[in-house]
Amino acid sequence: MKRLLTMAVATLAATGAFAQAYPAKPVTFIVPFAAGGPTDKVARDLAEAMRKPLGQQIIVENVAGAGGTLGHTRVAKASNDGYTVLLAHIAMATAPALYRNLQYKTLEDFEFAGLINEVPMTLIGRPTLPANNYAELTKWIDANKGKINLAHAGLGSASHLCGLLFQQRIGVEMTTVPYKGTAPAMTDLIGGQVDLMCDQTTNTTSQIEGGKVKAYAVTTPKRLNTPATKNLPTLDESGLKGFNVTIWHGLYAPKGTPKPVIDKLNAALKEALKDQDFVKRQEALGALVVNDNRTNVADHKKFVESEINKWGPIIKAAGQYAD
Ligand code: ASP
């Protein structure tokens, strides 16, 4: 008994000393989508904003594939020392309803380190698409049923979710083309290899402004006020009543990462969310930095749980599954 107690005290002391020294080397953010895409952009901007408050470099590594679930799995199974951190989006909440053989449990296999931002999406098309506004798009879709391609970043990704709901609401099935992220999907959309995509404003803003893609609508209940999106209608006002897809990003560490380490990550995140350079950059791309309780670890977890409960039945009703 005494020996067990001594061992427990020694372990606690070692954990305390480890947590105090953390971070003693660069921290890696795992991004579960391709480089250059919207999740990657948030990660690289946040890595820069958290570098000072954390007192260490943050390296971004892309582990893309299977709608983000490969990256999620990598972190769920990584060492819980605080040096491998997941920056993930809404797929944390949508994947459980889509994948029958998910290799992790969202609510059990991670420590939650705080929500980062909320990002609206836009419905966009290849530049050669003859439709110039949403009304023309619906006519084009009607005339081209059975021939339309829709790009997305894998089952469970935000673009997949948004595209799935869009097809369901207009009652037209499209051929979906999965990519490892919406960066490579955007290249093909601009090149005309695919017709349509729904993607975060953090990826579409510069392409809309540069006239590289056609933009048809935003997915939020209210119109958006950035130069790229201010003239776009909402899908809700365009006849798809109640259409609302807003996605979010958060930080996660493997289960069992010591609480003082999570506290340090969370404190650095909160500092970054007040960093005006980061806030302004996010706003310019149509994203909103979170400034409510969801930046706290307990509320972040409750929020993700509520999102799992919200999207699960919608995805199941759409009859989509992956093994
Ligand atoms: N925008 C992608 C998605 O549809 C993810 C990404 O490439 O960052 O989920």
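Answer yes if at least one residue in region 248-260 is open to solvent by 30 Å² or more (accessible area, probe 1.4 Å), of a type in the set (D, E, K, R) and over 22 Å from residue 77 (Cβ atoms), and no otherwise.
no
Yes/no matrix, rows are residues, columns are (1) under 28 Å from residue 70 (Cα atoms); (2) in contact with a Gly (Cβ under 6 Å, 6 or more places away or on another chain); (3) touching a residue at least 40 places away in the same chain (Cβ under 8 Å):
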{"site": "127", "(1), (2), (3)": "no, no, yes"}
{"site": "130", "(1), (2), (3)": "no, no, no"}
{"site": "134", "(1), (2), (3)": "no, no, yes"}
{"site": "140", "(1), (2), (3)": "no, no, no"}
{"site": "151", "(1), (2), (3)": "yes, no, yes"}
{"site": "158", "(1), (2), (3)": "yes, no, yes"}
{"site": "162", "(1), (2), (3)": "yes, no, yes"}
{"site": "166", "(1), (2), (3)": "yes, no, yes"}
{"site": "172", "(1), (2), (3)": "no, no, no"}
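Being in contact with a helix residue (DSSP H, G or I) (Cβ under 8 Å, 6 or more places away or on another chain) and on the phi > 0 side of the Ramachandran plot is true for just one of 156, 211, 192, 171. Which residue is that?
Result: 156 is the single residue among 156, 211, 192, 171 that is in contact with a helix residue (DSSP H, G or I) (Cβ under 8 Å, 6 or more places away or on another chain) and on the phi > 0 side of the Ramachandran plot.
Being over 25 Å from residue 283 (Cβ atoms), within 11 Å of the ligand (Cβ to nearest atom), at pLDDT 95 or above and not aromatic (Phe, Trp, Tyr): is that true of residue 152 here?
Against the criterion (over 25 Å from residue 283 (Cβ atoms), within 11 Å of the ligand (Cβ to nearest atom), at pLDDT 95 or above and not aromatic (Phe, Trp, Tyr)), residue 152 qualifies.
For region 175-205, which residues satisfy the criterion of being touching a Leu at 6+ places or on another chain (Cβ under 8 Å), open to solvent by 10 Å² or more (accessible area, probe 1.4 Å) and assigned to a loop (DSSP other than H, G, I, E, B)?
The one that is touching a Leu at 6+ places or on another chain (Cβ under 8 Å), open to solvent by 10 Å² or more (accessible area, probe 1.4 Å) and assigned to a loop (DSSP other than H, G, I, E, B): 195.
Quick one: would you say residue 41 is more than 30 Å from residue 319 (Cα to Cα) and surrounded by 18 or more Cβ atoms within 10 Å (Cβ to Cβ)?
Yes; evaluated as a whole, the condition is true for this residue.
Tell me whether region 83-95 contains one or more residues that are more than 16 Å from the ligand (Cβ to nearest atom) and open to solvent by less than 10 Å² (accessible area, probe 1.4 Å).
Within region 83-95 (the criterion being more than 16 Å from the ligand (Cβ to nearest atom) and open to solvent by less than 10 Å² (accessible area, probe 1.4 Å)), the answer is yes, since at least one residue qualifies.
For region 81-158, please list each of the strands (runs of 3 or more DSSP E) lying entirely inside it that holds at least 1 residues being within 30 Å of residue 24 (Cβ to Cβ).
Ranges flagged: 84-88, 110-125.
Name the one entry in 270, 241, 280 that is out of contact with any Leu (no Cβ under 7 Å at 6 or more places or on another chain) and assigned to a loop (DSSP other than H, G, I, E, B).
241
Across region 201-221, what is the number of residues that are under 26 Å from residue 88 (Cβ atoms) and without any contact (Cβ under 8 Å) to a residue 40 or more places away in the chain?
Qualifying residue count, region 201-221: 2.
Go through region 32-47 and give me each residue that's farther than 15 Å from residue 113 by Cα and of a type outside the set (Lys, Arg).
32, 33, 34, 35, 36, 37, 38, 39, 40, 42, 45
Could you give every pair whose Cβ atoms fall below 9 Å, whose first residue belongs to region 176-200 and is within 16 Å of residue 166 (Cβ to Cβ) and more than 8 Å from the ligand (Cβ to nearest atom), and whose second residue is of a type in the set (D, E, K, R) and open to solvent by less than 20 Å² (accessible area, probe 1.4 Å), counting only separations of at least 6 or pairs across chains?
Every condition considered, the pairs that remain are 189/195; 189/199.
Residues are listed down the side, and each one gets a yes or a no for (1) within 23 Å of residue 207 (Cβ to Cβ); (2) within 12 Å of the ligand (Cβ to nearest atom); (3) at pLDDT 95 or above; (4) acidic (Asp, Glu):
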| residue | (1), (2), (3), (4) |
| --- | --- |
| 4 | no, no, no, no |
| 8 | no, no, no, no |
| 33 | yes, yes, yes, no |
| 39 | yes, yes, yes, no |
| 46 | yes, no, yes, no |
| 59 | no, no, yes, no |
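So in region 206-223, with the set limited to residues that are away from the ligand (no atom under 13 Å from the Cβ) and not in a loop (DSSP other than H, G, I, E, B), which one is most open to solvent (accessible area, probe 1.4 Å)?
Selected residue: 209.
Does residue 229 satisfy the criteria of being of a type in the set (Ser, Thr, Tyr) and more than 22 Å from residue 200 (Cα to Cα)?
When the stated conditions are applied, residue 229 does not pass them.
Of the numbered conditions (1) of a type in the set (Gly, Ala, Ser); (2) out of contact with any helix residue (DSSP H, G or I) (no Cβ under 8 Å at 6 or more places or on another chain); (3) not in a helix (DSSP H, G or I), residue 286 fails exactly one; give the number of that condition.
Evaluating residue 286 over (1) of a type in the set (Gly, Ala, Ser); (2) out of contact with any helix residue (DSSP H, G or I) (no Cβ under 8 Å at 6 or more places or on another chain); (3) not in a helix (DSSP H, G or I) leaves (2) as the failure.
The values are calculated or read from the model by the stated rules, or taken from the named source; none is laboratory data. Just so we're clear, the structure is a prediction, and the values are computed from it rather than from any experiment. Using ideal geometry, Cβ is built from the backbone for each residue, glycine included, and neighbour counts are taken over all protein chains shown. Surface accessibility is based on the protein's heavy atoms, side chains included, excluding ligands, DNA and RNA. Shrake-Rupley method; radii C 1.70, N 1.55, O 1.52, S 1.80 Å.
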